Each structure stands twice: as structure tokens, then as C-alpha cells.
Amino acid sequence: MTTETAGTTGFGIDIGGSGIKGARVDMDSGEFIGERIKILTPRPATPEAVADVVAELLEQAEWDGPVGITVPAVVQNQTALTAANIDHSWIGTDCAELFSRHLAVDGKPREVAVLNDADAAGLAEARYGDPRAREGAVLLLTFGTGIGSALLVNGTLYPNTELGHLIFPAMDAEKWASSAVKEREELSYREWARRVDRVLEEYRRILNPQRIIVGGGVSRKFEKWGPHLAVDAEIFPAVLRNRAGIVGAAGAVRDGIRP
Ligand code: BGC
């Protein structure tokens, strides 16, 4: 296929610590078109090995159009500057060069946009999620292996915030209150929510967002832990959940967003 529907169909890929996931996206609705494809993240997750898997995923999907790609890293000028939950060799990687080399179509470079995973999720929620996500000062957080963050003002992104790494209370916030920590320490929803609440209160004290959106897999069970949060901000769960990274990535390449 694929470029015949390129105006309304996009493709996004979300690179995570355990899986690399991709899907075609209907750019009008933000819904997936067809199945999401998931391939296990190679170990070690070096840039070359990951780019090979991304190429394989696109081949399986028979997609040769533009592609948006998320990484769990700070991305500036298409270069990864950090690597918290991926191989350290990503630091300093020119992602534009990496992916254009691995994803060329008939010898021609492919159009690619690379951005932080939580930033992609924030853009997707602002565009297709709860309308409140595009009103005013919004902080979106994704709880997973780490804590990802996206800051939005009326739907416009301030990229590359790394609030999961705020030192709190004595370590990175994500090392104390991510959903991976909840699993590892076998915390109840109430116990974990108490930690999340303290972290949110710290974010609120510094940033004063009007709204906080919580994403990541654990947001599906928001009714179990949301009521235990006392932080003084309007707080609600993300709508797109695990679709958000892929959809945000597809939107980024379509809109030429390249942090
Ligand atoms: C990374 C962020 C990422 C977040 C969620 C953090 O450890 O530093 O860049 O957005 O995890 O994956």
C-alpha cells in the first residue's frame, strides 16, 4: 500500500522498554486502522538493533509512507540526549540519520519525526482526547516503567520536560512512584496513590497546572486510586491510554513537529 491514503492515514511507532508497537492511524479520529503490531524490544536495545526492528515492523505493516517514532528520551534537533529506560548508547544518537538509513524506501530517505514518548502522548490527548486537555495549562503524566511528562498550554507542547526525574523525596520521582514500582513493591492502590499524591503535590507547587491528566496502563484502573488523591488540581485519566504514543507520533510527522 500505502500512500494513496496518506492525507488521512498516518503511521506511528512507540518504542518502549519491553515492546516496539506500531499502527496505522486515522488522522481525523485518532483511531487505529487495523491491528496494532508489537515486536519485542531487542536486548540490548541499541539504536541499530531497535532501528532494525522498526524496519521489520514497517515491512510487516506494508507501510512505506512517513512515520512518527517515539523514544523514552529527551530529543532535541532529532538527537537523543538521554536514555533512562533504554540502552545508554542512545545518548548522542542522531535519530534522523539512524532511521533514514534503516527505513529508506527504494533508496530514498523516508520522512521521519522522532519525539519523546510522553510528549507524543500529550499531543495526542490534546488533539483527540478530553477537550479539557487542550484548555489552559495542562500537565500530562504517564505512569509505566518510569514517569513521563508533557506540559501543554492550550494544546501547544513545551517539549522534553522530564518530571519523572525530579528528585523526590530522596530519589527520582519515578523510582518511587511509577507503576513499575507499585508492582515491584506490591503496593496496594491506596499505598501507591499516597506516593503519587505527594509527587503530584510537588509538581503542583512548582508548576501550578490547571489540570493534570494521568496516563499509562494504570490509568485504566483510575477509579481504584484516583479517589485517594488530594492534590488541589482538576485531575482526570487520559482517554487514549496505550494508543496515545502511536497516535501522537503519527500526528507529529504529519504536522512536521520535530523537537
Ligand atoms: C524518561 C522519559 C520518558 C519516561 C516514560 C523516563 O524515564 O526519562 O524520557 O518519557 O521515562 O517512558
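So, in the range 178-212, of the ones that are of a type in the set (Ser, Thr, Tyr) and not in a helix (DSSP H, G or I), which residue ends up surrounded by the most Cβ atoms within 10 Å (Cβ to Cβ)? Checking each candidate, the answer is Ser178. Taken over the range 114-137, the criterion of being within 16 Å of the ligand (Cβ to nearest atom) and among the hydrophobic types (A, V, I, L, M, F, W, C) is satisfied by Val114, Leu115, Ala118, Ala120, Ala121, Leu123, Ala124.
Kindly establish whether Leu152 is in contact with a strand residue (DSSP E or B) (Cβ under 7 Å, 6 or more places away or on another chain) and in the same structural domain as Gly216 (by TED's automatic domain parsing). Yes, satisfied. With the condition kept exactly as written, say whether any residue in the range 54-65 is surrounded by 21 or more Cβ atoms within 10 Å (Cβ to Cβ), of a type outside the set (D, E, K, R), within 16 Å of the ligand (Cβ to nearest atom) and closer than 28 Å to Leu151 by Cα. Within the range 54-65, not a single residue is surrounded by 21 or more Cβ atoms within 10 Å (Cβ to Cβ), of a type outside the set (D, E, K, R), within 16 Å of the ligand (Cβ to nearest atom) and closer than 28 Å to Leu151 by Cα. Taken together, Asp172, Asp130, Asp119 contain a single residue that is among the acidic types (Asp, Glu), at pLDDT 95 or above and under 18 Å from Ile15 (Cβ atoms), which is Asp119. Among the conditions (1) at pLDDT below 95; (2) more than 16 Å from the ligand (Cβ to nearest atom), Thr145 misses just one, which is (2). If the condition is being in contact (Cβ under 8 Å) with a residue 60 or more places away in the chain and away from the ligand (no atom under 13 Å from the Cβ), then the range 158-181 contributes no residue at all.
Say whether the condition of being modelled with pLDDT under 95, buried (at least 23 other Cβ atoms within 10 Å of the Cβ) and either out of contact with any strand residue (DSSP E or B) (no Cβ under 6 Å at 6 or more places or on another chain) or not in a helix (DSSP H, G or I) (or both) is met by at least one residue in the range 213-234. Checking the range 213-234: at least one residue is modelled with pLDDT under 95, buried (at least 23 other Cβ atoms within 10 Å of the Cβ) and either out of contact with any strand residue (DSSP E or B) (no Cβ under 6 Å at 6 or more places or on another chain) or not in a helix (DSSP H, G or I) (or both). Contact annotation: residue pairs with Cβ atoms under 6 Å, 6 or more positions apart or on different chains, pairing a residue in the range 73-90 that is outside the structural domain of Pro159 (by TED's automatic domain parsing) and near the ligand (Cβ under 9 Å from one of its atoms) with a partner that is at pLDDT 95 or above and not in a loop (DSSP other than H, G, I, E, B), are Ala73/Ala80; Ala73/Trp90; Val75/Val114; Val75/Leu115; Val75/Asn116; Ala83/Trp90. Checked against (1) touching a helix residue (DSSP H, G or I) at 6+ places or on another chain (Cβ under 8 Å); (2) free of Cβ contacts under 8 Å to residues at least 60 places away in the same chain, Ala61 meets all criteria but (1). Filtering the range 40-48 for residues that are within 16 Å of the ligand (Cβ to nearest atom), crowded, with 18+ Cβ neighbours inside 10 Å and part of a strand (DSSP E or B) leaves an empty set.
The values are calculated or read from the model by the stated rules, or taken from the named source; none is laboratory data. Because the structure is predicted, anything quoted here is derived from the model rather than measured. Please note: Cβ atoms are built from the backbone with ideal geometry, for glycine as well, and neighbour counts cover all protein chains shown.
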